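Notes follow once the structure below has been shown.
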Amino acid sequence: MANPVKKPWEKFFGTWELDLAKSSYAVEQLPKQATLVVEKERGGLVLKLSWLDHQSKQGVLEHGLTFDQPVMVNGHEITLAMADDDTLTTVVKREGALLARTRRTNRSVFRRVR
């Protein structure tokens, strides 16, 4: 039996840790640590992000995203897309205004740990 063809976004599945040496943020304080878990969900991905901020306060965010369809999360419209076979993009808007645009690649500031 032949192996099924993998979708481009499957390379993002797994557990990733923030590499602080490669990170830069628009805010003044980098988190002390962050872990991102990416899992398959029908039509998209489930992202689970946990972090410890610069004051050692813990944060957790988990949501499912469907490719190319906006999803409302805590009053923010989030759209997940593949820019190309190696780049996963997330666009965050509130009331139509762009708040953030992230690009994740294999050369990301997160490194795979599992």
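The values are calculated or read from the model by the stated rules, or taken from the named source; none is laboratory data. All values reported here derive from a predicted model rather than from experimental measurement. Methodologically, a virtual Cβ is constructed for each residue, glycine included, from the backbone with ideal geometry; neighbour enumeration extends over all protein chains shown.
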Exercise. Here are some residues: V27, V71, V5. Which one is aliphatic (A, V, I, L, M) and at pLDDT 85 or above?
Worked result: V71
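Here is a yes/no grid of residues against (1) surrounded by 12 or more Cβ atoms within 10 Å (Cβ to Cβ); (2) among the aliphatic types (A, V, I, L, M):
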position	(1), (2)
L52	yes, yes
V60	no, yes
T79	yes, no
D86	yes, no
V91	yes, yes
E95	no, no
Exercise. Hey, among the residues in the stretch 89-114 that are without any contact (Cβ under 8 Å) to a residue 24 or more places away in the chain and in a loop (DSSP other than H, G, I, E, B), which one's nearest to the chain's Cα centre (by Cα)?
Worked result: T105
Seminar exercise, completed: Checked against (1) in contact with a strand residue (DSSP E or B) (Cβ under 7 Å, 6 or more places away or on another chain); (2) farther than 23 Å from R111 by Cα; (3) at pLDDT 85 or above; (4) not hydrophobic (A, V, I, L, M, F, W, C), E95 satisfies every condition except (1)
Exercise. If you take just the strands (runs of 3 or more DSSP E) that sit entirely in the stretch 15-88, which of them hold at least 1 residues that are more than 20 Å from R101 (Cβ to Cβ)?
Worked result: 33-41, 44-52, 58-66
